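Before any comments, here is the structure.
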Amino acid sequence: MALSSHARALFRASTISVRVIIPSITEGVHESIESNLSQFKLERTIDDRADSCIFMGEGARVNVAVADRILLHLLNHISQVDLHTVTSEITRRGISIACAVHPPNVSRSMRDLVATGIVAQSTRSVRGENRRQKVWYLTSLGMEMATAVKERLSEIPVLVRSRNGDLLELPASEASDRLRADLDLLSVLMHAQHEGALSYGDIRFGPIRNKTTEPGSIKMMAGAHSTYHTEPPKTRDIHGRNEERKSLDLWFSGTEGICTITGVAGCGKTTLVSDWFRTCDSEIEDMLVMYYPCQPWDTAIGLTTSIFHRLGLGQKNRVGDPYDLISILPPPGNPLDHDLLRRRLTATLIDEDELIGNKSKLFLILDDVHNLDRDGVRLLGVLMQVMEASHSRMIVISRSSPDFYDRRDVVTRGRVSEIALEGLSRNELEIWVESMGLSNKISTEILHERTGGHPLAIELLEMYGEMNHRDWVRFLDSEIVDVLPDEDRSILMALSKAKRPVPWKDLSESVGYIGRPPKSLISRGLMIELEDGMWLHEALRSRLRMYTEKQD
């Protein structure tokens, strides 16, 4: 739109030209930077389609000194300082192209920068070249000065023509995002200096980038908060287990750092821990509690990542990482360094140098650790040592006896406390049946014989009124019978054929077993040792008889 002479006169009268000479950080090494800065940080728009126009002054002119261009360029390629083979960007030709300077002027400026210790010079092998060439890179002093130059130049106002055709003045650091282009600060300043304005969609800026957020799965520790809880889950009401709760109280007040709770599936291991945790919640207020249910697909690296996240490490960390724990996490496909993890995790929790400021104690509750693979079991051994050194605590819940510690740790060394859950006793069953109002209909002794005092069987009785509900039979198959070792299953199968208790000597000879009764069967309550011999509860016996009848 053509402007009248009157409008142009008003424009010249209203325009304030601010001309400021700002000394360069490298004053004495190269010439000062002459730039025009706006007094206020605001965007001014020229819209030729509007009747009322706000005109740009002369404050948007850009003029970057050669030395500042070189420092910005070398800062962009600081990653090549220690490389044996470099790219051509830090050679004389590469610097000349990026900074819009003739090659002789590059050498002339470099002599001054090298003389003052800002830039270092050497010869390197250049990718795609047959001979070594002279290259330049920033020293430690140069990195500080280049960073300061970048901060200062990022505030220089530049002209940008937006997608709608509006002419905007904004800081150079915001131009790339406004243009949706992959431009560094030096490229923005060079285009602004030689062309005056940068236009949206310019083919020289490359393809337009959509403003999309990267998926969280590729970020460090993304989603780790969803793998654990800060307290055990709220489960069903607990019945009995008074002795086991006393054992947990004794362990927590003692010196053992580890407590293992074992038992068959559904016997109330997690329920016991959850109920006990809520009774002593006030005593562990200062500890970082982490309840982690292990799944069959869990790995040692995944569990380690969740522990780091519970400590507050990560991208949005609440505490620092002075002991460099994050670097322990290996790239995909590489193993975890367990020894390095033990050392650095212990150092972080103890914090002898007081680099973190507040010492942390962990309270780990690892559920279903029988799902972990060999590396996961090794990690449990590492965590055991860390818990002892940092005076932290760890409860391990498993269907089978863990093997990450030695039996001497339980018997003589006092490092581990073990609690083996069996079925409920007859007295505990009697109290439970009375609370259901079924004491007149069901005999406690018969119920104990058929279910072995298993809490899940009693719950199904409470829900459906059947002592051998199909869900209970299905549970026996999937959680006990099908997962038993062949040797243990053969013992139980032979015992299920008997009509009365069998002495262990006769039972072991019939199946060819040498030694004492398996502790795994006794401790889990699958096989009961009576005065007359070995026996098993009626529910498991009746289910195993179905298998023996099919075989016969």
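Sorted by packing (mean other beta-carbon atoms within 10 Å per residue), highest first, where do 236-247, 186-197 land?
Working: 236-247: 15.2, 186-197: 18.8.
Ranked by mean Cβ neighbours within 10 Å, highest first: 186-197, 236-247.
Only Cα pairs under 8 Å and at least 6 apart count here; give the relative contact order of segment 224-420 as a rounded whole percent.
Numbers: 285 pairs, mean separation 67.6, N = 197.
Reported relative contact order: 34 percent.
Based on alpha-carbon atoms only, what is the radius of gyration of segment 224-420 relative to the globular estimate 2.2 N^0.38 Å?
1.00
Amide H to amide H, which residues 5 or more places from Val119 or on other chains are under 5 Å from it, using H placed in the peptide plane?
Under 5 Å from the amide H of Val119: Val114, Thr139.
Can you tell me the alpha carbon radius of gyration of segment 128-187 divided by the globular rule-of-thumb value 2.2 N^0.38 Å?
Normalised Cα radius of gyration, segment 128-187: 1.59.
Using a Förster radius of 35 Å, what is the FRET efficiency between Glu129 and Asp177 based on their Cβ-Cβ separation? Nearest 0.05, please. If you can, show how the numbers build up before the last one.
Numbers: r = 36 Å, r/R0 = 1.02.
Efficiency, rounded to the nearest 0.05: 0.50.
Could you give me the ³J(HN,Hα) list for segment 245-261, computed from phi with Karplus coefficients 6.51, -1.76, 1.60 and θ = phi - 60°, whole Hz, x at Gly and Pro?
Values per residue, Gly and Pro as x: 5, 5, 5, 5, 4, 5, 5, 5, 8, x, 9, 5, x, 10, 10, 10, 10 Hz.
Which far-off residues, 5 or more places away or on another chain, put their amide H under 5 Å from the one on Ile365, with H placed in the peptide plane?
Close amide H contacts, sequence-distant or interchain: Met290, Tyr291, Tyr292, Ile395.
Of the listed pairs Lys361/Lys519; Lys441/Lys497; Lys441/Lys499; Lys441/Lys505; Lys150/Lys361; Lys269/Lys441, which have alpha-carbon separations greater than 32 Å here? Before the final figure, lay out each step's value.
Details: Lys361/Lys519 34 Å; Lys441/Lys497 29 Å; Lys441/Lys499 26 Å; Lys441/Lys505 38 Å; Lys150/Lys361 43 Å; Lys269/Lys441 29 Å.
Flagged as over cut-off: Lys361/Lys519; Lys441/Lys505; Lys150/Lys361.
The numbers here are math on the coordinates, done by the rules we state, and not lab data. Keep in mind the model is a prediction, meaning the values are calculated, not measured. Cβ coordinates were reconstructed from backbone atoms using ideal geometry, including for glycine residues, and neighbour counts include every protein chain displayed.
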